[in-house]
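Report on the following structure.
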Amino acid sequence: MLRVSKFTDYAVVVLSRLEAEGGVQTAPGLALGTGIAEPTVAKVLKMLSQAALVEGLRGARGGYRLLRPLSSVSLSEVIVSMDGPIALTACVDGGFGLCEAENICPVRGRWDPVNAAIRDALSAIMVSEISTPAPRMLAALVPLPISAAFAE
């Protein structure tokens, strides 16, 4: 099964919360708002900062803020910032010395088009597309009037 890591998942959640709240947010505030442990949020923010997706600001009013709107941040950027290059196999893009069977492997280099297709697909999806609740989910998020909530 192909899966993104927990850190990538957490990064999308943290980025979504940053955009929803706007302005500068602290790691403890983001942890509270997302339900993700504060040390994990801090680590995710550090990695996102190193990838120039967020900016850390020092001082009494410090915290983190987005450097770009999520409509211009691709899912592939987030994955690479958390997990490194996107690849299904170790022998990707001409890499050498990563597999003991590389000298006799009959499929060596054949994964490159598959990896490129996955990278292209993930590059075409912006974080904003997955961070906004689907329209059918919005109805479930709207609170019911008290009378409707207790109706029989």
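Hey, among 16, 76, which residue is touching a Lys or Arg at 6+ places or on another chain (Cβ under 9 Å) and either closer than 20 Å to residue 4 by Cβ or buried (at least 16 other Cβ atoms within 10 Å of the Cβ) (or both)?
On the way: 16 fails: touching a Lys or Arg at 6+ places or on another chain (Cβ under 9 Å).
Result of the check over 16, 76: 76.
Could you list, in sequence order, the residues of region 47-85 that are without any contact (Cβ under 8 Å) to a residue 60 or more places away in the chain and charged (D, E, K, R)?
55, 58, 61, 65, 68, 77
Provide a single number: the residues in region 102-139 that are surrounded by fewer than 10 Cβ atoms within 10 Å (Cβ to Cβ), at pLDDT 75 or above and in a loop (DSSP other than H, G, I, E, B).
Within region 102-139, residues that are surrounded by fewer than 10 Cβ atoms within 10 Å (Cβ to Cβ), at pLDDT 75 or above and in a loop (DSSP other than H, G, I, E, B) number 4.
What single numbered condition from (1) surrounded by 12 or more Cβ atoms within 10 Å (Cβ to Cβ); (2) farther than 18 Å from residue 119 by Cα; (3) out of contact with any Asp or Glu (no Cβ under 6 Å at 6 or more places or on another chain) fails to hold for residue 61?
(1)
For region 17-29, enumerate the residues that are in a helix (DSSP H, G or I) and out of contact with any Leu (no Cβ under 7 Å at 6 or more places or on another chain).
Those that are in a helix (DSSP H, G or I) and out of contact with any Leu (no Cβ under 7 Å at 6 or more places or on another chain): 20, 21, 28, 29.
Give region 2-16 a look and list any residue that's part of a helix (DSSP H, G or I), among the small types (Gly, Ala, Ser) and closer than 13 Å to residue 82 by Cβ, or say none.
We begin by selecting, within region 2-16, every residue part of a helix (DSSP H, G or I); these are 6-16.
Next, only the ones that are among the small types (Gly, Ala, Ser) stay: 11, 16.
Correct list: 11 only.
Within region 58-87, restricting attention to residues that are among the basic types (Lys, Arg) and in a loop (DSSP other than H, G, I, E, B), which residue is nearest to the chain's Cα centre (by Cα)?
68
State which residue pairs qualify: first residue over 23 Å from residue 74 (Cβ atoms) and inside region 86-115, second residue at pLDDT below 65 in any location, beta carbons under 8 Å apart, and separation of 6 or more residues or different chains.
Here the result reads 90/98; 91/98; 102/96; 109/94, each pair linking region 86-115 to a residue that is at pLDDT below 65.
Could you check, for region 21-31, whether at least one of its residues is of a type in the set (A, V, I, L, M), surrounded by fewer than 19 Cβ atoms within 10 Å (Cβ to Cβ) and either under 16 Å from residue 126 (Cβ atoms) or within 15 Å of the chain's Cα centre (by Cα) (or both)?
No, region 21-31 contains no residue that is of a type in the set (A, V, I, L, M), surrounded by fewer than 19 Cβ atoms within 10 Å (Cβ to Cβ) and either under 16 Å from residue 126 (Cβ atoms) or within 15 Å of the chain's Cα centre (by Cα) (or both).
Going through 33, 97 one at a time, which residue ends up being outside any helix (DSSP H, G or I) and either modelled with pLDDT under 85 or of a type in the set (Gly, Ala, Ser) (or both)? Break it down stepwise before answering.
Details: 33 fails: outside any helix (DSSP H, G or I).
So the residue among 33, 97 that is outside any helix (DSSP H, G or I) and either modelled with pLDDT under 85 or of a type in the set (Gly, Ala, Ser) (or both) is 97.
Of the numbered conditions (1) modelled with pLDDT under 90; (2) loosely packed, with under 13 Cβ neighbours inside 10 Å; (3) of a type in the set (Gly, Ala, Ser), residue 71 fails exactly one; give the number of that condition.
Checking residue 71 against (1) modelled with pLDDT under 90; (2) loosely packed, with under 13 Cβ neighbours inside 10 Å; (3) of a type in the set (Gly, Ala, Ser), the one that fails is (1).
The values are calculated or read from the model by the stated rules, or taken from the named source; none is laboratory data. Since this is a predicted model, take the numbers as computed values, not measurements. Glycine also receives a Cβ, built like all others from the backbone with ideal geometry; neighbour counts cover every protein chain displayed.
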